[in-house]
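Trainee: Dropping the structure in here first, questions after.
The values are calculated or read from the model by the stated rules, or taken from the named source; none is laboratory data. Given the structure is predicted, the values throughout are model-derived calculations rather than measurements. Counting neighbours? That spans all protein chains shown, and the Cβs are built from the backbone with ideal geometry, glycine included. Accessible surface areas use protein heavy atoms only, side chains included; no ligands, DNA or RNA. Shrake-Rupley method; radii C 1.70, N 1.55, O 1.52, S 1.80 Å.
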Amino acid sequence: MKIIFVTGWVLSGIGKGIAAASIGTILKGMWYKVFCQKFDGYLNVDPGTMNPTQHGEVFVTEDGAETDLDLGHYERFLDTNLSRLSSFTSGKLYEEMIMKERRWDYLGGTVQIVPHLTDLVKEKIRTGFETSGADISIIEIGGTIGDMENEYILETARQVQHDLDPQDVIFVHVALLPFLMASKELKSKPIQHSIRTLMWYGINPDFLIVRADTDIPADMMGKIARATGLREGHVISSPTLDSIYRVPLTYDDMGVGQKIVRSLWMKESVSDLSSWKTLMENIDTSMDILCIGMIGKYVWLEDAYFSVNEWLKSAGFAHKKRVKLRFIEAEDIEIKWKKVLEWLDGICIPWGFGNRGIEGMILAAKYAREMKIPYLGICLGSQIMAIEFARNILGIADASSEEFTPNGEHNIIHIMEHQKGLTSKWGNMRLGSYPCIIRDGTLAKKLYGTNTITERHRHRFEFNPLYREEMEKAGFVVSATSPDGTLAEIVELRNHPYMIATQAHPEFASRPTRPHPLFMGFVKAMVK
Ligand code: GLN
């Protein structure tokens, strides 16, 4: 096994995931098969139950695992589909260990964090590596070193290095170099302390990625190398850039990939990053600005919609347009809707749960329909589109969803009969990839160019087929369904330049170098 452990220091959100994904991208460009895994210390079994405003987006894999948004970085950067083998939380590991204990798998032994939990982590690392057929595993340790809940993961990493040969395991440490506004200087002391903390865990980092919001002068890099004892070429400067997709290219310019494979005693070569260079050229030459209103309910934390945002921006760049996302709190629209919506080029209603802000979203959908403004709905956005149509075209004033009006008389969106019995809050979600059939002669068919697709899902409620015939007669089109025809997967409007919505989450399968057709069409419609 060849393993790169990635740790982080001082606070989360400094781009540890992006750094890890960028290293993976360069290694992939050298034709190595790279596998990524993330271990998080928190006790939720997965982030599915967490409020997006606390933890950012919940990323869903093909096989239906609800994971950390860093998995999205790995999928997008490495252009690969990951699975539940890539994402573990302390909650999930403890759950498995305690179930084993209850089954008497430990044969009466005392069950402890070391060795039982650490062995379980090792088992996950090995299974991930072997099942994926990878040459190299990149393993990100969530949170920051020194967190109480992550200590056993660091201990496992130390043991893994001890179990394998020294050239098979390296540590990359990503740390923040703070800038003090008052004295206008970068301060390296926290980084020095972080190296000491790592050493306390028995870990000597091989590479240090220094993150700062400003450029980092060369003498500061030298000072950090001296103070931490790392080789100078192994201390990598990583200032904040205008686009996260530039990171692999700047690391590559510094020879990071070659240095890493040399440390792992693997063959080095030039990394083929041509698709990234094309992407950056598109970004650099994109001039005109398109303004998209993201009408959602977790808008104060943009990370909550991370994949949607990335997806919207990449499709913009593919059209040489800079997409400016205006995050609009759906509740605000209920008060001053016209002023907010008037100057948007397109309206996107992303996913969401619960009824806060729903009326604002319905107003925005009505405005898009009437004013013929391009509209794209994602999951909740498709349910909103159906409710708005039923209310204002069919005249069903109380049209709603069972999620918002459980006892409502006209629930255009409802929960399927067979899902009702499931009691666990998360047991009744449709999660992961599902096939879907697109009807000929629809906008969806034109965009996808095929009749059979699969898309990832994460939702509980569905379009109620009782209303389908009446709605279709009035110009609402169910353009794609589940293979048995029962579930509406994509809906669109007949007399509108671009009003389309999907029950799925295509943002999870979109790649910066290959944006998704639904969004490519959205940008094209806005340009027109
Ligand atoms: N709350 C809706 C449902 O559960 C939509 C979910 C979503 O947007 N992902 O069906």
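Trainee: Answer yes or no as to whether Arg430 is within 16 Å of the ligand (Cβ to nearest atom), free of Cβ contacts under 8 Å to residues at least 40 places away in the same chain, open to solvent by less than 50 Å² (accessible area, probe 1.4 Å) and in contact with a Lys or Arg (Cβ under 9 Å, 6 or more places away or on another chain). Show your work before the answer.
Mentor: On the way: within 16 Å of the ligand (Cβ to nearest atom): yes; free of Cβ contacts under 8 Å to residues at least 40 places away in the same chain: yes; open to solvent by less than 50 Å² (accessible area, probe 1.4 Å): yes; in contact with a Lys or Arg (Cβ under 9 Å, 6 or more places away or on another chain): yes.
Against the criterion (within 16 Å of the ligand (Cβ to nearest atom), free of Cβ contacts under 8 Å to residues at least 40 places away in the same chain, open to solvent by less than 50 Å² (accessible area, probe 1.4 Å) and in contact with a Lys or Arg (Cβ under 9 Å, 6 or more places away or on another chain)), Arg430 qualifies.
Trainee: Quickly run through the range 3-39 and pick out the residues that are open to solvent by 20 Å² or more (accessible area, probe 1.4 Å), more than 14 Å from Arg211 (Cα to Cα), assigned to a loop (DSSP other than H, G, I, E, B) and hydrophobic (A, V, I, L, M, F, W, C).
Mentor: Within the range 3-39, Trp31 is the sole residue that qualifies.
Trainee: Right, here's the next one. Report, by residue number, each residue of the range 489-528 that is within 16 Å of the ligand (Cβ to nearest atom) and either closer than 15 Å to Ala368 by Cα or assigned to a strand (DSSP E or B) (or both).
Mentor: Glu489, Ile490, Val491, Ile500, Ala501, Thr502
Trainee: Looking at the range 188-232 only, could you name the residues that are surrounded by fewer than 13 Cβ atoms within 10 Å (Cβ to Cβ) and touching a Gly at 6+ places or on another chain (Cβ under 8 Å)?
Mentor: Glu232, the sole residue that qualifies.
Trainee: Given the conditions (1) crowded, with 19+ Cβ neighbours inside 10 Å; (2) farther than 18 Å from Ser237 by Cβ, and given that Ser183 satisfies all but one, which numbered condition is not satisfied?
Mentor: (1)
Trainee: Still on this model: Consider only pairs whose beta carbons are under 8 Å apart and that are at least six residues apart or on different chains; among these, list those whose first residue lies in the range 373-385 and is in contact (Cβ under 8 Å) with a residue 40 or more places away in the chain and within 18 Å of Gly475 (Cβ to Cβ) and whose second residue is within 7 Å of the ligand (Cβ to nearest atom) and assigned to a helix (DSSP H, G or I).
Mentor: Qualifying pairs under 8 Å: Gly377/Gln383.
Trainee: Now, a different point. Please list, ordered by first then second residue, the pairs with beta carbon atoms under 9 Å, 6 or more apart or interchain, first in the range 162-180 and closer than 23 Å to Ala227 by Cα and without any contact (Cβ under 8 Å) to a residue 12 or more places away in the chain, second open to solvent by less than 40 Å² (accessible area, probe 1.4 Å) and part of a strand (DSSP E or B).
Mentor: Leu180/Leu186
Trainee: OK, next. If you go through the range 451-469 one residue at a time, do you hit one that is away from the ligand (no atom under 16 Å from the Cβ), under 29 Å from Val58 (Cβ atoms), within 25 Å of the chain's Cα centre (by Cα) and among the aliphatic types (A, V, I, L, M)?
Mentor: yes
Trainee: Farther than 23 Å from Asp288 by Cα, out of contact with any strand residue (DSSP E or B) (no Cβ under 8 Å at 6 or more places or on another chain) and β-branched (Val, Ile, Thr), is that true of Thr481?
Mentor: No.
Trainee: When you go through (1) farther than 27 Å from Glu75 by Cβ; (2) surrounded by 23 or more Cβ atoms within 10 Å (Cβ to Cβ); (3) within 16 Å of the ligand (Cβ to nearest atom) one by one for Thr486, which number turns out not to apply?
Mentor: Failing condition for Thr486: (2).
Trainee: Being assigned to a helix (DSSP H, G or I) and open to solvent by 10 Å² or more (accessible area, probe 1.4 Å) narrows it down to one of Lys324, Lys336, so name that one. Before you say what the answer is, go through the steps one by one.
Mentor: Working: Lys324 fails: assigned to a helix (DSSP H, G or I).
Matching residue, one of Lys324, Lys336: Lys336.
Trainee: So Asp46 passes all but one of these: (1) surrounded by fewer than 22 Cβ atoms within 10 Å (Cβ to Cβ); (2) at pLDDT 95 or above. Which condition number does it fail?
Mentor: Only one criterion is unmet by Asp46, namely (2).
Trainee: Another question, then. Go through (1) polar (S, T, N, Q); (2) within 16 Å of the ligand (Cβ to nearest atom); (3) at pLDDT 95 or above; (4) in contact with a Pro (Cβ under 9 Å, 6 or more places away or on another chain) and name the single condition Asn411 misses.
Mentor: Among (1) polar (S, T, N, Q); (2) within 16 Å of the ligand (Cβ to nearest atom); (3) at pLDDT 95 or above; (4) in contact with a Pro (Cβ under 9 Å, 6 or more places away or on another chain), the lone unmet condition for Asn411 is (4).
Trainee: Moving on. Tally the residues that are surrounded by fewer than 24 Cβ atoms within 10 Å (Cβ to Cβ) and free of Cβ contacts under 8 Å to residues at least 60 places away in the same chain, restricting the search to the range 52-76.
Mentor: 2
Trainee: Could you list all residues from the range 348-386 that are open to solvent by 20 Å² or more (accessible area, probe 1.4 Å) and either within 10 Å of the ligand (Cβ to nearest atom) or small (Gly, Ala, Ser) (or both)?
Mentor: The answer is Phe353, Gly354, Asn355.
Trainee: Can you tell me which of (1) within 16 Å of the ligand (Cβ to nearest atom); (2) closer than 26 Å to Asn282 by Cα; (3) within 17 Å of the chain's Cα centre (by Cα) is the one Ser314 doesn't meet?
Mentor: It fails just one condition, (1).
Trainee: Let me ask another. Keeping to the range 40-58, report how many residues are outside any loop (DSSP other than H, G, I, E, B) and out of contact with any Gly (no Cβ under 6 Å at 6 or more places or on another chain).
Mentor: Number of matching residues: 7.
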